[in-house]
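Colleague: My structure is below; once you've seen it, I'll send some questions.
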Amino acid sequence: MLVLVVYDIPNDKRRLKLANFLEGYGRRVQYSVFECFLSLEEMRQLHQKVKKKVKAAEDNVRFYWISESALSQVLTIGSSLPEKPPEIYII
């Protein structure tokens, strides 16, 4: 399923570290928004890892699960629709 990770982190260093970390999980679609196709277990693991990288008292990170049925209703302007990454990469 699609997981949107949205964040507002006032500290530049923490914000950059989180963005770089999230690039390993999904596609950056806005400065503070990532689209990640993950299983529920992968999302839980990601949530735990992100929890260790931010300060809950200062930062705001949200995880939104988008179901397959809701994904078909996504509308965009100026970008492509969310799409799953390929199953296999050939290098």
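Readers should treat all values here as calculations from the given coordinates under stated rules, not as data from a laboratory. Note that the structure is predicted; figures quoted are calculated from it, not measured. Glycine gets a Cβ as well: all are built from the backbone with ideal geometry, and neighbour counts include every protein chain shown.
Colleague: Could you name the aspartates and glutamates in cross-link range of residue 17, using Cα to Cα under 16 Å and dropping any fewer than eight places away on the same chain?
Modeller: Of all the aspartates and glutamates, those that pass the test against residue 17 - Cα under 16 Å, at least 8 places apart if same chain - are 8, 58, 59.
Colleague: While we're looking at this one, here's another question. If the convex hull of the alpha-carbon atoms of the chain is projected onto planes in all directions, what is the mean projected area in square nanometres?
Modeller: 7.0 nm²
Colleague: Would you please name the GluC sites (Glu not before Pro) within the stretch 2-53 that are DSSP coil residues with at most 12 other C-beta atoms within 10 Å of their C-beta?
Modeller: Passing both the DSSP loop test and the Cβ count: 23.
Colleague: Continuing with this model, one more query. Just to confirm the number: angle between the C-alpha axis of helix 40-53 and the first principal axis of the chain, 0 to 90 degrees, nearest 10?
Modeller: The angle comes out at about 20 degrees.
Colleague: Once you have the Cα-Cα distance between residue 68 and residue 33, take 0.36 nm times their residue separation minus that, and quote the gain in nm to one decimal.
Modeller: Contour length minus Cα-Cα distance gives 10.7 nm.
Colleague: Give the residue from 71, 30, 57 lying farthest towards the positive end of the charge dipole for the chain; charges sit on Cβ (+1 for Lys and Arg, -1 for Asp and Glu) and the dipole is referred to the Cα centre.
Modeller: 57
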